Amino acid sequence: MTFEEAIEKLSGIKDQLERPDITLDESLKLYKESVDYTKTCLDLLKSTDGKIAVIKNELDALVEKPLNDIDD
Amino acid sequence: MKTLSLTVVQFNTFVKNILDAEEFLSNISVFGEVTNFKISGGNAYFDIKDENAMLSCVKFGAYDLSIKNGDLITVYGKVNFYVKSGRLNFIVAKAEAYGLGGLYQKFMELKEKLTKEGLFSEEIKKQIPRFAKTIGVVTSETGAVIRDIIHVARGKNPFTNIIVYPSKVQGVGAEDELVSGIEYFNQREDIDTIIIARGGGSLEDLAPFNTEKLVRAIYKSEKPIISGVGHETDFTLCDFASDLRVPTPSVASEVAVFDYFEQVNYIIELTKNITYFIEKNLLNLKEKLTSTSKQIMGDMKLKLKESETQTLMLCKDIENLVFTNLKNKTNLFDKLTSVISAKSPLEILKSGYVAIERDGKRISSVDEIDIGNIVKVNLVDGEVTAKIESKKNYKR
């Protein structure tokens, strides 16, 4: 599941919870689901952050190299 | 000494050989007054004389000769002795008015004529090549002029080719040789620039450089021509017709040959500059790259932060909604139970009301009871028995 899909699910849950005729059972079930989607979102963000850090290191290594070393 | 006895033809041939062998007589000018002038068969026959002598002259092809009896002229040419007639003739190559005045006048007339034709026009001047590899020089192969030209050229550039077309630069035949030199160099592909050069001299000396034929040859030349004729103060038609006039032959060489050493230094400097600018550009690009990548990284981080905030806010909203729901349900329940409990009989009794029974039956109207009846009165915390002493019906 992508981050956007998970966020979409969370928004859907929010909309459902705003319905005036929501039952307590439904509310509990949706709450449980929302926690799962929140976890998915945060996990995806954390993993993206890690990937960015790796790419940044590669880029820094390239940019910091003196010009003479690049031409080969 | 024994006297030789010759036939006439032997004698005349002998004389002719002596005259022909004398180089001095093959290119000489003589001046005198024209007399006995006549034209026959396209050739001009006349004598020139002074107070003491007369010389028989012939000019083959007299179409360009404009002299008449009485004129003082200078004839250029050579001596010819005719074996058959035993007569001596001066073969005229060129004849011109004698003296500076006449020459100068002719010079001015010719100059005016050729100017009108546009032969000296600035618009037709060709650019002198900046980097000539091979230079053709029309001048005398002996003398200081060619030495100076080569000396200057070698000093500036050891790799420039200097080709010399040896030419007479004064006297009979000079004009034709100068023209041939120009034509020769025009036929050679490798020639970039032509120099016509001669040292200083009198107007008469410079006469070949003031001829219409030479001017037309220069005009016709497809290669650019530099004229370095005479000294600074001398002006010739050759100067006017050429693409560039310089004061002396040395200057002609100076102008035609590019400075090799200067160019080498210039190229070295240029290379240094180019290297500097390339390095500077590379550095700029690198800085731009670094700042752009930093910006992208910053944007990424921001996007990540925003996403995190969005997630947490949604999560919080949901939590709030869930708890609000729960609270609503609890409130509803409380409200219901309080309503229910408010309806319990005990609750009514608590407020001081009583329930009356007679013979186990609940009494709810005065009509169901009479004075003297014994009833059970129920209170919240117990019961009492009572006797009815009076009654009043509100409805009646």
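The values are calculated or read from the model by the stated rules, or taken from the named source; none is laboratory data. Keep in mind the model is a prediction, meaning the values are calculated, not measured. Using ideal geometry, Cβ is built from the backbone for each residue, glycine included, and neighbour counts are taken over all protein chains shown.
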Set B:282, B:289, B:321: member being within 8 Å of another protein chain (Cβ to nearest Cβ) and exposed (fewer than 13 other Cβ atoms within 10 Å of the Cβ): B:282
For region B:157-182, name all the residues that are closer than 18 Å to residue B:228 by Cα, surrounded by fewer than 17 Cβ atoms within 10 Å (Cβ to Cβ), under 37 Å from the mean Cα position of the chain (by Cα) and of a type outside the set (S, T, N, Q). B:163
Test residue B:340 against the criterion of being of a type in the set (A, V, I, L, M, F, W, C), part of a helix (DSSP H, G or I) and farther than 30 Å from residue A:26 by Cβ, and give yes or no. no
Being more than 9 Å from every other protein chain (Cβ to nearest Cβ) and either at pLDDT 90 or above or surrounded by 11 or more Cβ atoms within 10 Å (Cβ to Cβ) (or both) is the filter here; which residues of region A:63-72 pass it? A:65
Filter pass, residue A:47 being more than 9 Å from chain B (Cβ to nearest Cβ) and either among the polar types (S, T, N, Q) or in contact with a helix residue (DSSP H, G or I) (Cβ under 6 Å, 6 or more places away or on another chain) (or both): yes
I need the full set of residues from region B:339-363 which are among the small types (Gly, Ala, Ser), out of contact with any Leu (no Cβ under 9 Å at 6 or more places or on another chain) and surrounded by fewer than 10 Cβ atoms within 10 Å (Cβ to Cβ), in order please. B:342, B:351, B:360
The lone condition residue B:338 fails out of (1) under 29 Å from residue A:22 (Cβ atoms); (2) within 11 Å of chain A (Cβ to nearest Cβ) is (2)
Looking only at region B:94-116, decide whether some residue is among the hydroxyl-bearing types (Ser, Thr, Tyr) and in a helix (DSSP H, G or I). yes
Scanning for something touching a helix residue (DSSP H, G or I) at 6+ places or on another chain (Cβ under 9 Å), crowded, with 16+ Cβ neighbours inside 10 Å, hydrophobic (A, V, I, L, M, F, W, C) and without any contact (Cβ under 8 Å) to a residue 60 or more places away in the chain, does region B:51-68 turn up at least one residue? no
For residue B:80, all conditions in the list (1) outside any loop (DSSP other than H, G, I, E, B); (2) touching an Asp or Glu at 6+ places or on another chain (Cβ under 9 Å); (3) modelled with pLDDT under 90; (4) surrounded by fewer than 19 Cβ atoms within 10 Å (Cβ to Cβ) hold save one; what is the number of the exception? (3)
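Listed here are the residues, each with its yes/no results for (1) on the phi < 0 side of the Ramachandran plot; (2) touching an Asp or Glu at 6+ places or on another chain (Cβ under 6 Å); (3) at pLDDT below 90.
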site: B:289; (1), (2), (3): yes, no, yes
site: B:296; (1), (2), (3): yes, no, yes
site: B:302; (1), (2), (3): yes, no, no
site: B:330; (1), (2), (3): yes, no, yes
site: B:335; (1), (2), (3): yes, no, yes
site: B:339; (1), (2), (3): yes, no, yes
site: B:355; (1), (2), (3): yes, no, yes
site: B:359; (1), (2), (3): no, no, yes
